[in-house]
Amino acid sequence: MRASHLAVVFPAKGLPRNTVQACEALWTRTSRMLLPGLGKFYDRFHPAAQPWGVDIPAPFSVVLGWDDPALFLHLYLRAREYHKESLNFHVDRALDEMDFKLLKTGGGILICPVTLDGTNKRLEAHIFWHAAMAQGVILPDCGVYYAERKRSTMDSDFEKSVESAPADYALSMVTMERMEDSHGV
């Protein structure tokens, strides 16, 4: 099994002020969001007790920004870093598989056409990863997912707004596991 960690970012507005009740409510929402991908993109998910080696003492591994802003920021920034690492990995692996002899330019943009006909499974897996991310699919190695916006990628202004106001947000930390050779990548 390969395991990946995911930080699901939720707005804290409307959550119960009781920590245990807020954590339960967010884990329930997290589970409901992840169920459609179970068996497709990951084989198992559960609260992440130690994502990236960081202990989470809260119920269901939910970090409420108003309770522990330092832990919230540490995990949020690490999740964004992991997201960037995953993005770079999939870009690099896709580029490794492309035939640059087909490279063209059009309107000042470099274009490298690819054929997705089943002959290059590695290339297709990385291309489909990017397409899934663009459509808001929750993937095991996306690192961070913004529940309210249904996206893993946000503009830097929104990311900075989360960083500057941790009390307004909560993280549901998840470990997602998948079989070594399943799900394409």
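The values are calculated or read from the model by the stated rules, or taken from the named source; none is laboratory data. For clarity, every value in this text was computed on a predicted model and none was experimentally measured. Cβ: placed from backbone, ideal geometry, glycine included. Neighbour counts: every protein chain shown. When the accessible area is computed, the model is the full protein with side chains, heavy atoms only, and any ligands, DNA or RNA have been set aside. Shrake-Rupley method; radii C 1.70, N 1.55, O 1.52, S 1.80 Å.
Just a few scattered comments:
- Here the accessible area is traced with a 1.4 Å probe on the protein chains. For the chain, carbon and sulfur cover 55 percent of it.
- Computed with a 1.4 Å probe over protein heavy atoms only, the accessible surface of the chain comes to 54 Å² per residue.
- Tensor-based shape of the range 1-63 (alpha-carbon gyration tensor, a/c under 1.5 rounded, otherwise prolate or oblate): oblate
- Hydrodynamic radius of the range 1-106 per Kirkwood, over alpha carbon pairs, in Å: 16.2 Å
- Modelled this way, with points 7 Å down the Cα-to-C-beta line, the labels at Arg122 and Ala167 are 5.1 nm from one another.
- Using a simple spin-label model with pseudo-atoms 7 Å out from Cα toward Cβ, Glu81 and Asp96 lie 2.3 nm apart.
- Chain lengthening between Cys112 and Arg44 when straightened (0.36 nm per residue, less Cα-Cα): 20.9 nm
- Whole-Å semi-axes of the chain's equivalent ellipsoid (Cα gyration tensor): 33, 19, 13
- Evaluated at q = 0.11 Å⁻¹: base-10 log I(q)/I(0), Debye formula over Cα of the range 72-140: -0.36
- Length-normalised contact order for the chain - Cα pairs under 8 Å, 6+ apart - percent: 47 percent
- From the C-alpha gyration tensor of the range 104-157, square roots of 5λ in Å: 26, 18, 8
- Rounded to the nearest 20 debye, dipole of the chain from Cβ charges on Lys, Arg, Asp, Glu: 400 debye
- You can think of it this way: the chain between Arg32 and Val20 has 2.5 nm of extra reach, that is 0.36 nm per residue less the Cα-Cα gap.
- Normalising the average separation of contacting C-alpha pairs (under 8 angstrom, six or more residues apart) by the number of residues puts the relative contact order of the range 119-185 at 33 percent.
- Basic side chains Lys and Arg get +1 at the Cβ, acidic Asp and Glu get -1 at the Cβ, and with that the dipole of the range 12-84 about its Cα centre reaches some 340 debye.
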